[in-house]
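What follows is a single structure, written as structure tokens, with notes after it.
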Amino acid sequence: MLRERNFPYRIYGGLSFYQRKEIKDILAYLRLLSNLDDEEAFKRVVNYPARGIGNTTLQKLFTASREHGVSLWSVAEHPDAYGVALNRGTLGKLAAFCTLLRDFQAQAARLGAFDLVLKVISESGIKSDLDREDGPEGDSRRENVEELLGAIRSFEHEVLGENTQGRVPVTDYLQQSALQTDADEKDDGTPKITLMTIHAAKGLEFDAVFVTGLEENLFPGSQARLFANEMEEERRLFYVAVTRAKRFCYLSYAQSRYRYGNLEVSDESLFVGEIDRRFVVKDASSSDALIGGIAPSLRKALFGVDSAAEPPRPKPAFRPSCFETSAPSRGGQTPRPAPLAKPLRRVETPPAAISGSVHSAGLAIGTCIDHERFGRGRITQIEGSGDNAKATVEFDLSGRKNLLLKFAKFTVVEA
């Protein structure tokens with residue numbers, strides 16, 4: 001969003017988006033299939049994910065390419081023609097890699113950028129490699145890939161406009177990403193927005209602070225509701241974030257968020273409701289009826305509507321209890337919560353009609369699964385097929401979630 005609005009920014013203690021490893025790996029594949037003579041891209045992806053083509057083999061290819069004045073790709077595709085001595089196993093692995101890239105090239109001639117990138121992530125082995133990585137680091141890398149896919153989808157809608165039958169070549173997006181990468185790396189002394197984690201902000205103060213992502217299951221996270229000590233740690237972090245501001249503190253949450261390949265409607269974080277109402281000014285733009293703050297290209301990408309239309313919003317299913325607290329009591333005791341005048345709403349998407357009971361990958365409505373992040377749940381709806389197959393799951397502890405099956409990590413369990 002900052003890039004789209006041309007706001008200069010810097011990431012405190014971290015890498016810019018296009019400098020993250022998983023993003024550079026995917027873009028390297030795209031650069032190579034667009035230009036097989038791109039040697040930096042070739043060296044980055046020839047053995048990623050690991051396919052048994054080591055440094056010794058790469059050195060032989062490099063030596064032959066310099067001796068004959070040809071690219072690394074030319075030698076890799078026809079090693080015998082350039083006198084490269086490799087064993088049968090390595091020759092087979094090189095041939096498989098070259099065949100994979102040639103196949104991507106052929107598909108690039110007919111697929112748009114988004115569909116091609118999905119195919120590259122899946123068929124190259126990048127998806128499997130990311131799925132094997134556990135913990136917060138693995139979650140972060142997978143979310144970065146989701147963000148990249150969302151950016152590509154948004155770029156396609158911005159370019160095509162109302163022409164839904166058109167196609168945006170992947171080379172167009174590569175040009176766009178190259179410009180954004182240059183802008184991220186440029187340091188000309190211009191004042192910039194500082195982006196940082198709450199942990200990195202400890203001990204620092206700013207005239208104005210924007211705390212974003214104040215949504216249930218994000219801040220606090222879904223796991224925090226299961227363990228009291230984790231909830232208290234999240235609450236302490238929220239206190240740290242708010243107290244970094246010397247003059248202004250802006251709290252915000254997304255009315256809807258593109259996560260795990262699906263658009264999810266968000267609920268305001270309970271932490272916002274715990275602030276004494278005397279110190280909160282609620283801006284009119286936080287109304288559910290307004291979506292004017294969403295950039296036109298992103299609105300088109302996520303909702304499938306133009307800038308003048310409002311995306312369809314699900315009807316509220318129930319209203320959970322929400323609280324606000326009075327001023328902190330003496331003695332360190334937690335003040336007794338008081339109900340808000342206008343409770344928050346949890347919204348759900350009404351189930352669509354389903355024809356048939358058995359769907360993608362042998363899953364059926366009613367199947368019980370155990371998800372790596374959300375726990376145990378039951379499938380209530382399945383739609384789409386192949387790479388676009390999605391399932392709606394009612395989880396015992398995390399509520400209703402929409403999963404893009406190709407990225408979801410779960411196992412089928414007995415009811």
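Computed from the coordinates by the stated procedures, all read-outs in this text should not be read as laboratory data. All values reported here derive from a predicted model rather than from experimental measurement. Glycine gets a Cβ as well: all are built from the backbone with ideal geometry, and neighbour counts include every protein chain shown.
Structural remarks
- Relative contact order (%) - criterion: Cα under 8 Å, at least six apart; region: region 15-187: 25 percent
- The HN-Hα couplings worked out from phi for region 400-405 by the Karplus form 6.51 cos²θ - 1.76 cosθ + 1.60 (θ = phi - 60°) are 7, 9, 9, 10, 8, 4 Hz, whole numbers, x standing for Gly and Pro.
- The string of couplings for region 208-217 from the Karplus curve (6.51, -1.76, 1.60, θ = phi - 60°) is 10, 10, 10, 9, 9, x, 7, 10, 4, 6 Hz, one whole number per residue in order, with x for Gly and Pro.
- Here the simple spin-label model places points 7 Å from the Cα toward Cβ, and for ARG376 and SER128 these points are separated by 3.1 nm.
- Long-range amide H partners of ARG400 with built H, under 5 Å: PHE395
- Selected from TYR82, GLN176, ILE126, residue furthest toward positive end of dipole (region 15-187; charges at beta carbon): TYR82
- Centre separation in Å (Cα based) which lies between region 99-116 and region 42-69: 23 Å
- Rounded to 0.05, the FRET efficiency of the PHE248 and GLU147 pair, given R0 = 30 Å and the Cβ-Cβ distance, is 0.65.
- Neighbour counts of C-beta atoms inside 10 Å place ASP172, ASP396 in the sequence ASP396, ASP172, starting with the fewest.
- Remark on PHE210: its backbone amide H falls under 5 Å from those of TYR250, a criterion applied only to residues 5 or more positions apart or on other chains, H modelled at 1.01 Å from N.
- Debye, to nearest 20: dipole size of region 15-187, +1 on Lys, Arg Cβ, -1 on Asp, Glu Cβ: 760 debye
- Remark on THR380: its backbone amide H falls under 5 Å from those of GLY366, THR392, VAL393, GLU394, a criterion applied only to residues 5 or more positions apart or on other chains, H modelled at 1.01 Å from N.
- Length released on extending from ARG110 to PHE227, taking residue separation times 0.36 nm less the Cα-Cα span: 37.1 nm
- In this structure, the pairs whose alpha-carbon distance is over 23 Å, taken from LYS93/LYS406; LYS21/LYS43; LYS119/LYS406; LYS21/LYS127; LYS43/LYS119; LYS43/LYS127, are LYS93/LYS406.
- With 0.36 nm allotted per residue and the present C-alpha distance subtracted, the ARG235-ALA208 stretch has 7.7 nm of extension available.
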